[in-house]
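Please treat every number below as a calculation from the coordinates, not as lab data. Note that the structure is predicted; figures quoted are calculated from it, not measured. Note that we place each Cβ from the backbone using ideal geometry, even for glycine, and neighbour counts take in every protein chain shown.
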Amino acid sequence: MQPVKPEDLSKALQEAERSAIDYEKYAHLDDAEREVLEQKDEERRKKVKDRGDVQQILKIVEVRRTLYRILEFCGPYQQSFDPTSARISDFNEGRRSAGLELLKMILDADNGAYLQMINEHQSDAKTEQERKRKEQEKHAN
């Protein structure tokens, strides 16, 4: 028989404790109430997990740059109405809606990340302008 690892024992104890807490929380409820409460708990756990996933990817500069480009394309702050066509307005609003959802995910996970993305974008644009200016000066001489 293999010895039990401390981390495995710790996980088992945490799970047992969670089960006991869940039992106490749900013991006085009927089946329908218990099901609703369990569903809400599951939704909360999923939201926390999803938020953690977004927090992790926002740590990567290349991901932030890509998300910024997607947000620029979606135009969450742009007007979606097009006076020439309801279909174009609908298309624009769908794109804008996706951008708003992405922005909401980012802000919910780390409200400083969006500001960081803007600053990084401005810095990249400034660097690119400087590179182009030097290139033009080089060709002019």
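Report, in degrees rounded to the nearest 10, the 0 to 90 angle that the Cα long axis of helix 86-109 makes with the longest principal axis of the chain.
So the inclination is approximately 60 degrees.
Using DSSP loop states and a limit of at most 14 other Cβ atoms within 10 Å to flag chymotrypsin sites (Phe, Trp or Tyr not before Pro), what is the longest stretch of the chain containing no flagged site?
Working: sites that count: TYR77, PHE81.
Formally, the longest exposed-site-free interval is 1-76.
Out of LEU115, LEU58, LEU107, any idea which swings most in a Gaussian network model of the chain, alpha carbons joined below 10 Å?
Maximum fluctuation in the GNM of the chain, among the listed residues, is at LEU115.
Calculate, axis by axis, the spread of Cα positions in the stretch 34-140 along the three principal axes, and write the results as whole Å, longest axis first.
Taking max minus min along each principal axis of the Cα atoms, the stretch 34-140 gives 76, 41, 15 Å.
Excluding same-chain residues fewer than 8 positions from LYS104, which lysines have a Cα within less than 19 Å of its Cα?
LYS46, LYS47, LYS49, LYS59
Between 0 and 90 degrees, rounded to the nearest ten: what's the tilt of helix 111-140 against the longest Cα principal axis of the chain?
30 degrees
To the nearest 10 degrees, how steep is helix 6-26 against the longest Cα principal axis of the chain, on a 0 to 90 scale?
For helix 6-26, the angle is close to 80 degrees.
With labels modelled as points extended 7 Å from the Cα through the Cβ direction, what inter-label distance (nm, one decimal) is found for LEU13 paired with ILE60?
In this crude spin-label approximation the distance works out to 3.6 nm.
Put a dot 7 Å past each Cα toward the Cβ at ARG131 and SER85; how far apart are the dots in nm?
Using points 7 Å along Cα→Cβ, the separation is 3.5 nm.
Which of LEU71, LEU13, LEU37 ends up with the largest GNM mean-square fluctuation for the chain, with Cα atoms connected below 10 Å?
LEU13
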